[in-house]
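Trainee: Pasting a structure here, questions to come.
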Amino acid sequence: QVQLVESGGGLVQPGGSLRLSCAASGSTFSIYAMGWYRQAPGKQRELVATITNGGARNYANAVKGRFTISRDNVLNTVYLQMDSLKAEDTAVYYCNSDHPGIRYWGRGIQVTVSS
């Protein structure tokens, strides 16, 4: 079992920045990738960014150039630096960890971009 706890969400104005963190605990030795997804009201959950143990990154087109995913393998923590935020980035953001045969999810954290 792995527990994922997100932090750092909140309300920010358009053009502003936020940094999300996700700390993993439990059977973290089997993690081979971590990432972030988001779900806006009335929409399906969608990929935001992922990062492997080796540091390979993948971003959704909608966030390329604005968001940066990073990871501290010692602390088992993944970060999402979000800059130049837009109203359409408003969503619940979920952290995930990938293991052989299973994916774990955090409970999610709200990010609201509004003036």
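Trainee: Report, in whole Å, the centroid distance computed from the Cα atoms of segment 82-115 and segment 1-68.
Mentor: Using only Cα atoms to place each centre, the spacing works out to 5 Å.
Trainee: Along segment 58-66, what does the Karplus equation 6.51 cos²θ - 1.76 cosθ + 1.60 (θ = phi - 60°) give for ³J(HN,Hα), rounded to whole Hz, x for Gly and Pro?
Mentor: After applying 6.51 cos²θ - 1.76 cosθ + 1.60, I find 9, 10, 5, 4, 5, 10, 4, x, 10 Hz.
Trainee: Let me ask something else about it. Between LYS86 and ALA56, what FRET efficiency follows from the Cβ-Cβ distance if R0 is 25 Å, with the result rounded to 0.05?
Mentor: Efficiency at R0 = 25 Å is approximately 0.45.
Trainee: List every residue whose amide H lies under 5 Å from the amide H of VAL2, counting only residues 5 or more places away in sequence or on a different chain, with H placed 1.01 Å from N in the peptide plane.
Mentor: Long-range HN contacts for VAL2: SER27.
Trainee: Now for a different question. If you roll a 1.4 Å probe over the chain with all protein chains in place, what percent of the accessible area is carbon or sulfur?
Mentor: The C+S portion of the solvent-accessible surface of the chain is 49 percent.
Trainee: Still on this structure: Given 0.36 nm per residue, what is the gain on full extension from GLN3 to SER30 after removing their alpha carbon distance, in nm?
Mentor: Working it through step by step, the gained length comes to 8.4 nm.
Trainee: Separate question: Which whole-Hz ³J(HN,Hα) couplings does segment 72-77 yield from phi under the Karplus relation 6.51 cos²θ - 1.76 cosθ + 1.60, θ = phi - 60°, glycine and proline marked x?
Mentor: Once θ is set to phi - 60°, the couplings for segment 72-77 become 10, 5, 6, 8, 6, 10 Hz.
Trainee: Given the Cα-Cα distance of GLU46 and TRP105 and 0.36 nm per residue of separation, how much length would full extension add, in nm?
Mentor: Working: separation 59, 0.36 × 59 = 21.24 nm, distance 1.33 nm.
So the extension gain works out to 19.9 nm.
The values are calculated or read from the model by the stated rules, or taken from the named source; none is laboratory data. Given the structure is predicted, the values throughout are model-derived calculations rather than measurements. Glycine gets a Cβ as well: all are built from the backbone with ideal geometry, and neighbour counts include every protein chain shown. These area figures cover heavy atoms from the full protein model, side chains too; ligands, DNA and RNA do not enter into them. Shrake-Rupley method; radii C 1.70, N 1.55, O 1.52, S 1.80 Å.
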